[in-house]
Amino acid sequence: MPDGIQRSMLKVSDAYVSFGALHALIGVSLEIRPGEILAIIGPNGAGKTTLINVISGVYHPSPGQVFFEGEERTFMSPHHVAALGIARTFQNVALFKGMTTLDNLLVGRHLLMRSGLFASGCYWRWGQKEEIINREAVEDIIDFLEIEAIRKTPAGMLPYGMQKRVELGRALAAKPKLLLLDEPMAGMNLEEKEDIARFILDANEEWGVTIALIEHDMGVVMDISDRIVVLDYGRKIADGTPNEIRDNPEVIKAYLGAHGKK
Amino acid sequence: MTMENVREDARGNTLPKLLLSRQTRKEAGRVAIREKDFGIWQSYTWEEYWRQVRRFAAGLATLGFKRGDTLGIIGDNRPQLYWAEVAAMCLGGIPVPMYQDAIEKELQYIIEHSNARIVVAEDQEQVDKMLALKEQVPAIGIVIYDDPKGMRSYDHTHIKAFTQVQEMGIEFEKLNPGYVEREVEKVQPDDIALIAYTSGTTGNPKGVVLTHSNLITNARSLSAMEDHRPTDQIMAYLPMAWIGDGVLSVAMFLNTGFTVNCPEDPSTVRRDMREIGPTLLICPPRIWENIISMVQVKMDDAWWPIRKTYDYFLDVATEAVKLESAKKPVPLSLKILRSIGKVVAIGPLRDNLGLSKTRYAYTAGAAIGPEVFRFFRAIGVNLKQIYGLTETSAMCTYQPDDDVKLDTVGKPCVGVEIRISDQGEVLIKSPGVFQGYYKNPEATDETLEDGWLHTGDAGIIDKAGHLKIIDRAKDVSIMATGTIFAPQYIENKLKFSQFIKEAVTLGQSKDYVAAMINIDAETVGNWAERRGIGFTSYTDLSQKPEIYELIHEEVNKVNGLLFEEEQLRGAQIKRFLILHKELDPDDAEITRTRKVRRRFVAEKYEKLINALYSDQDRVKVEAVITYEDGRQATIRANLAIRDVEIKE
């Protein structure tokens with residue numbers, strides 16, 4: 001930050017999450033700063049998804065605290081978190097398969113809609129106006145993600161890469177301040193990965209969305225993120241810029257074993 | 001309308017003047033151009049069209065663009081790009097549209113050759129290309145972009161948004177009211193209106209110089225023959241650099257006053273077309289062939305009663321069309337069956353393809369298979385062949401509604417003279433014939449002789465006065481056995497198969513004809529999938545024995561057709577192989593308009609060709625392929641060669 005004041009958008013402090021005897025997070029603290037792209041990496045089972053779940057209110061850390069924009073909200077439920085402006089996508093695609101791309105995106109706008117069943121059913125005055133506003137916002141996203149051709153295609157009929165893209169669109173539709181992406185590029189080929197990486201960068205630059213993402217492809221992570229947090233067996237082992245992380249011996253050890261070379 | 005009228009009419013008229021007169025008439029409030037954007041068809045009236053053009057023209061003037069300057073244009077069909085094109089014309093400048101998927105080397109040549117200092121690019125992708133080029137071609141002064149997506153973080157010293165240029169134009173007009181109108185007045189009919197760079201089967205692209213009167217007379221002579229109306233709807237989806245689009249979406253558009261519709265995205269063309277229901281349509285044969293392949297694939301997957309119904313009524317309609325084109329009476333029973341078919345199968349199909357309102361459909365650019373042609377005539381689309389070159393401002397022949405023949409390109413349009421040279425080459429003289437190649441007098445002298453244009457096509461004129469194109473004049477040759485060898489003729493027959501995408505036949509001075517075939521990845525892939533044949537890649541699929549069997553069958557069919565034609569009986573295909581990669585414009589094997597570059601292919605695949613003319617049954621190959629960004633990769637394969645039985 002230019003003036004040296006490190007105002008964080010979201011802060012997790014000393015969080016522990018256990019499932020029975022399994023300790024998924026052990027005293028993890030992290031900060032997400034406004035406007036940055038933060039990557040969370042680590043080997044399988046390191047606790048990355050658990051951490052995202054803690055941030056989005058699916059799990060509550062105990063002990064531990066979560067702050068968003070300066071206020072503590074450790075025990076909020078996921079829909080309250082969403083209302084605050086935190087949207088997420090899932091590791092396994094979670095779209096409404098029978099609904100079209102367009103409808104899936106409109107669902108993402110749900111939190112921003114005010115009119116009730118009656119008003120929107122009559123499609124009159126405010127109900128109509130609201131629908132138009134929301135449709136415009138959704139069309140913006142369709143244009144942004146270049147998915148015009150599949151606007152009216154049921155999500156279940158789309159190829160996997162496209163479903164991931166629609167899911168990203170649905171999260172963006174909620175106009176989030178903070179976007180959590182759980183492996184947005186898993187199972188994609190190089191071209192699809194490049195596309196998604198470009199969308200993530202554009203969303204960050206053009207729309208000013210702060211992004212935290214989990215990703216395994218180191219090439220992508222090093223290229224697009226401002227900062228990287230590394231988890232291993234539930235502990236945070238490193239935190240820094242891509243260059244710092246690349247040379248960090250702890251990280252090399254976690255990824256390549258004790259005798260690994262970079 | 002006589003030619004004198006047409007010519008008289010065009011005199012004193014330029015494309016910008018046509019626009020100016022349109023927007024002052026009663027019809028100024030009618031829709032001139034539409035674009036699907038954000039899911040909605042956004043319409044612009046003639047009045048609005050002129051306003052946008054005027055503002056952009058004034059903006060260009062602020063940037064120092066003046067009479068005789070060239071304006072590069074690159075991107076998909078967007079109203080903004082058409083406005084830019086017309087705006088350049090308004091100032092007496094010359095638009096130079098470029099193919100949006102052209103590789104850097106081609107673009108660099110065109111920009112340097114035409115000396116375009118300002119380039120209008122559609123989006124980030126095209127701007128990136130131009131900025132990369134700028135390092136080698138410092139002459140590029142300013143790049144103007146239409147779509148602002150992703151452009152925010154760019155250094156804006158050398159790039160400007162389309163709207164920004166228009167705003168500069170508004171300021172400029174405040175200081176110089178009526179400036180653009182005055183410039184329009186200065187433009188003369190014999191001024192250059194457009195330089196269209198041809199994709200060129202050999203060497204560097206050549207800039208075809210066309211004047212306002214070239215374009216206008218040509219548009220008028222076709223519109224005078226056919227009933228083109230201001231209420232017509234056309235789709236602008238073919239590359240703006242293709243002269244067909246230049247004539248249709250600019251010259252004929254301004255002349256007739258119909259509505260141009262720009263699709264949302266290249267991938268949505270088919271759906272957008274269905275929404276618009278174009279009444280007037282031009283497609284190269286490739287697109288018509290694609291539509292048939294698509295229908296066939298979907299029908300193969302359809303429930304059997306639907307498939308049977310479709311097959312039955314399509315046969316009925318095809319039968320009727322065959323009788324009609326042979327000018328024989330159609331029996332009543334067939335007529336009745338055809339009407340039933342129209343309701344239950346053919347009508348819905350046409351609607352599905354977005355062709356139900358189409359009054360005129362044209363095919364141009366290359367020869368079309370009679371089977372493709374018959375299919376569309378059978379489903380009630382008034383498909384006609386027209387013939388023309390970039391050098392003739394596109395079309396110079398047409399088929400009258402009551403005289404459509406499957407294997408000809410029709411009669412000359414009004415004012416067009418056609419004759420066949422002693423070497424069998426088609427020569428054309430018409431008011432649409434170009435002024436010459438830009439900065440290339442040698443090539444001009446080779447092509448233009450006493451006002452006659454040497455088309456380079458071999459053709460004949462039949463008894464009814466219809467022109468029939470056989471092949472490229474330079475490609476027609478004689479086999480060692482004395483038989484005429486017209487490669488494209490045989491290739492087109494092969495390509496009608498839904499499984500064959502591209503084919504190259506060989507036979508010049510040889511004892512027999514051999515073929516190298518490209519399978520159609522989509523249909524063959526689908527065919528293989530339904531039969532449980534697994535494959536990993538295009539190369540792997542192409543070399544499956546089952547696929548060889550499948551293609552063998554298709555080659556047999558073509559040999560059967562060739563056997564029926566006495567002169568070509570000796571040109572049946574004796575050996576063939578399936579290529580391991582698709583012929584690709586990026587590898588310079590075919591042009592962007594998908595014409596095979598024979599000499600290049602003959603050199604590149606020399607090893608394969610030698611194997612085809614030996615007794616080998618396999619040949620190893622290693623090929624370097626080029627991606628759009630210029631990176632290269634190598635494919636290795638061991639291709640099988642098949643012998644085919646020849647009918648005697």
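Looking at B:Asp475, B:Asp422, B:Asp471, B:Asp457, just one residue is farther than 24 Å from B:Val321 by Cα, under 21 Å from the mean Cα position of the chain (by Cα) and assigned to a loop (DSSP other than H, G, I, E, B), and that residue is B:Asp475.
From the list A:Leu112, A:Leu95, which residue is closer than 17 Å to A:Pro176 by Cβ, more than 14 Å from chain B (Cβ to nearest Cβ) and in contact (Cβ under 8 Å) with a residue 60 or more places away in the chain?
Values: A:Leu95 fails: closer than 17 Å to A:Pro176 by Cβ.
Matching residue, one of A:Leu112, A:Leu95: A:Leu112.
For the stretch B:477-535, the set of residues classified as within 25 Å of B:Arg286 (Cα to Cα) and among the charged types (D, E, K, R) consists of B:Glu491, B:Lys493, B:Lys495, B:Lys501, B:Glu502, B:Asp520, B:Glu522, B:Glu529, listed by residue number.
Of the residues B:Met89, B:Met98, which single one is of a type outside the set (Gly, Ala, Ser), away from chain A (no Cβ under 14 Å), surrounded by 24 or more Cβ atoms within 10 Å (Cβ to Cβ) and more than 17 Å from B:Val187 (Cα to Cα)? Lay out the reasoning, then the answer.
On the way: B:Met89 fails: more than 17 Å from B:Val187 (Cα to Cα).
When all the criteria are applied, what remains is B:Met98.
When restricted to residues that are more than 15 Å from B:Ala602 (Cβ to Cβ) and touching a Pro at 6+ places or on another chain (Cβ under 8 Å), the stretch B:493-505 contains 0.
Does B:Leu323 satisfy being out of contact with any Asp or Glu (no Cβ under 9 Å at 6 or more places or on another chain), assigned to a helix (DSSP H, G or I), surrounded by fewer than 18 Cβ atoms within 10 Å (Cβ to Cβ) and among the hydrophobic types (A, V, I, L, M, F, W, C)? Let's see the steps before the verdict.
Details: out of contact with any Asp or Glu (no Cβ under 9 Å at 6 or more places or on another chain): yes; assigned to a helix (DSSP H, G or I): yes; surrounded by fewer than 18 Cβ atoms within 10 Å (Cβ to Cβ): yes; among the hydrophobic types (A, V, I, L, M, F, W, C): yes.
In short, yes.
The lone criterion from (1) part of a helix (DSSP H, G or I); (2) touching a residue at least 40 places away in the same chain (Cβ under 8 Å); (3) over 25 Å from the mean Cα position of the chain (by Cα); (4) surrounded by fewer than 18 Cβ atoms within 10 Å (Cβ to Cβ) left unmet by B:Lys510 is number (1). Count of the stretch A:178-223 residues, restricted to those that are more than 14 Å from chain B (Cβ to nearest Cβ), buried (at least 18 other Cβ atoms within 10 Å of the Cβ) and in contact (Cβ under 8 Å) with a residue 60 or more places away in the chain, is 14.
Residue by residue, here is whether (1) under 17 Å from B:Leu383 (Cα atoms); (2) at pLDDT below 90 holds:
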site	(1), (2)
B:Cys283	yes, yes
B:Ile292	yes, yes
B:Asp300	no, yes
B:Trp304	no, no
B:Tyr310	no, no
B:Glu324	yes, yes
B:Ile346	yes, no
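Results for (1) touching a Leu at 6+ places or on another chain (Cβ under 9 Å); (2) outside any helix (DSSP H, G or I), shown as yes or no for each residue.
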| site | (1), (2) |
| --- | --- |
| B:Ile282 | yes, yes |
| B:Ile291 | yes, no |
| B:Val297 | no, no |
| B:Ser339 | no, no |
| B:Tyr362 | yes, yes |
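Within the stretch A:122-171, the set of residues being away from chain B (no Cβ under 14 Å), hydrophobic (A, V, I, L, M, F, W, C) and surrounded by 16 or more Cβ atoms within 10 Å (Cβ to Cβ) comprises A:Ala155, A:Val166, A:Leu168, A:Ala171.
Counting only strands (runs of 3 or more DSSP E) that fall entirely inside the stretch B:118-176 and contain at least 2 residues that are crowded, with 21+ Cβ neighbours inside 10 Å and either over 26 Å from the mean Cα position of the chain (by Cα) or of a type in the set (Val, Ile, Thr) (or both), the qualifying elements are B:118-121, B:142-145. The residue that is nearest to the other protein chains (Cβ to nearest Cβ), counting only those in the stretch B:253-287 that are touching a residue at least 24 places away in the same chain (Cβ under 8 Å) and among the β-branched types (Val, Ile, Thr), is B:Thr268.
The values are calculated or read from the model by the stated rules, or taken from the named source; none is laboratory data. Since this is a predicted model, take the numbers as computed values, not measurements. Positions of Cβ are generated from backbone atoms using ideal geometry, with glycine treated the same way; all protein chains shown enter the neighbour counts.
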